[in-house]
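The values are calculated or read from the model by the stated rules, or taken from the named source; none is laboratory data. Quantities reported herein were computed from a predicted structural model and do not represent experimental measurements. Neighbour counts are summed over all protein chains in view; Cβ atoms, including those assigned to glycine, are modelled from backbone coordinates with ideal geometry. Accessible surface is based on the protein model in full, side chains and every heavy atom, while ligands, DNA and RNA are left aside. Shrake-Rupley method; radii C 1.70, N 1.55, O 1.52, S 1.80 Å.
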Amino acid sequence: MDQRVVEERTVPDKILELGLGFWGSKTLLSAVELGVFSALAAGPIESDALIKKLGLHQRSARDFLDALVALGMLNREGGDRYANTPATGLFLDPSKPSYIGGLLEMANARLYPFWASLTEALQTGEPQNEAKHGGDLFESLYADPQRLAGFLRAMTGVSMGSARAIAAQFPWRDYKHFADVGTAQGGLLVQVALANPHLSGVGFDLPPIRPHFEAHIAANGLSDRIAFKEGNFFDDQLPSAEVLVMGHVLHDWGLEKKRLLMSKAYEALPNGGALIVYETIIDDERRQNTFGLLMSLNMLIETREGFDYTASDCMGWMREVGFSKTRLEPLAGAESMVVGIK
């Protein structure tokens, strides 16, 4: 085709949409911060009443609400009544166990400003979060109970889809006891235990996590089947269990520590035991899983050595530490799990 024809038919729409994508992103994040979706949880509300309930200024309130409609985050009924969509009603209503807004709350409060320094991170290889000013992400979280609670809710939210998929897909009928390493609130344990009543489980994490974990487990009526074990997964032995799970753990660390954690898991498992690793695992061709690649850039922002990886990478590391069989299974959205059998 003639180059001039190609140029005439080529439009910049996708470039502009991506380059200004933060407009839509921040509109959603502000909606979560303002409580738009919780305000609509009980049902549709007329615009004037909703604007007053949210404390919005009249100048741009309708533009804000209609932008959420155009973005697919709200429905508008009868021209003047706003309502949650089925998805936002399920996932952005804080009163529901399916709430994933904790992740968006963290994105709004922390990640949004940190990502403004992505260029600097790409040039220096240095994190751009609290560490940039001498702090440490996890130390600062554990020192502030409110921030820690928000972070743990975010981890539950980001893991919810995969936790439910793992609960349904993995052959739990062949096992009786499992442990979640780096468990946070215990969201994975809850979903697996609810779907598989014969299982008992352990959540393994640092001591400050205990009250948040035990409250979440109790709220789901599982205190008799799920317990908390304090420990540091680098310094202490991992729990003995037939199945060990590491979700959104390995990508926080460099290659040496990834291999160390896999080796410790191998040592803790009995013959026939399984290690489940799940997160936004990048496709082997590194072309399709955009979210996984962007998550790896987020690890650049948030950690000193962390990075996401492909299924082939993960299975190779598993085999290096002794696992005899490995497999990849897709989960929810951009996430997958790699399973290693001892």
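Descriptive notes on the structure:
- Counting only helices (runs of 4 or more DSSP H) that sit wholly inside region 1-97, those with at least 2 residues that are closer than 30 Å to residue 215 by Cβ and of a type in the set (A, V, I, L, M) are 21-34, 36-39, 86-91.
- Subset of region 62-108 [aromatic (Phe, Trp, Tyr), touching a Phe, Trp or Tyr at 6+ places or on another chain (Cβ under 7 Å) and either modelled with pLDDT of 95 or more or open to solvent by 50 Å² or more (accessible area, probe 1.4 Å) (or both)]: 91
- For region 230-249, the condition holds for no residue, the condition being that it is assigned to a helix (DSSP H, G or I), under 21 Å from the mean Cα position of the chain (by Cα) and crowded, with 19+ Cβ neighbours inside 10 Å.
- For first residues located in region 151-179 and farther than 27 Å from residue 271 by Cβ and of a type in the set (Phe, Trp, Tyr), partners that are open to solvent by less than 30 Å² (accessible area, probe 1.4 Å) and assigned to a helix (DSSP H, G or I) and lie 6+ apart or on another chain with Cβ distances below 7 Å form the pairs 151/106; 151/141.
- For region 312-323, the criterion of being assigned to a loop (DSSP other than H, G, I, E, B) and at pLDDT 95 or above is met by at least one residue.
- Residue 340 satisfies every condition listed in (1) of a type in the set (Gly, Ala, Ser); (2) farther than 27 Å from residue 127 by Cβ; (3) in a loop (DSSP other than H, G, I, E, B) except (3).
- Test: residue in region 163-172 that is at pLDDT 95 or above, part of a loop (DSSP other than H, G, I, E, B), buried (at least 19 other Cβ atoms within 10 Å of the Cβ) and more than 17 Å from the chain's Cα centre (by Cα): yes
- Residues satisfying the stated conditions in region 75-89, i.e. within 19 Å of residue 25 (Cα to Cα) and under 23 Å from the mean Cα position of the chain (by Cα): 84, 85, 87, 88, 89
- Scanning region 264-290 for residues that are loosely packed, with under 15 Cβ neighbours inside 10 Å and outside any loop (DSSP other than H, G, I, E, B) gives 267, 290.
- Among (1) part of a helix (DSSP H, G or I); (2) touching a helix residue (DSSP H, G or I) at 6+ places or on another chain (Cβ under 9 Å) - the single one residue 198 does not satisfy: (1)
- Being assigned to a helix (DSSP H, G or I), within 24 Å of residue 207 (Cβ to Cβ), of a type in the set (Gly, Ala, Ser) and over 19 Å from the mean Cα position of the chain (by Cα) holds for only one residue in 131, 121, 149, and it is 131.
- Each residue in region 319-342 was checked for being open to solvent by less than 10 Å² (accessible area, probe 1.4 Å) and more than 13 Å from residue 278 (Cβ to Cβ), and 1 of them qualify.
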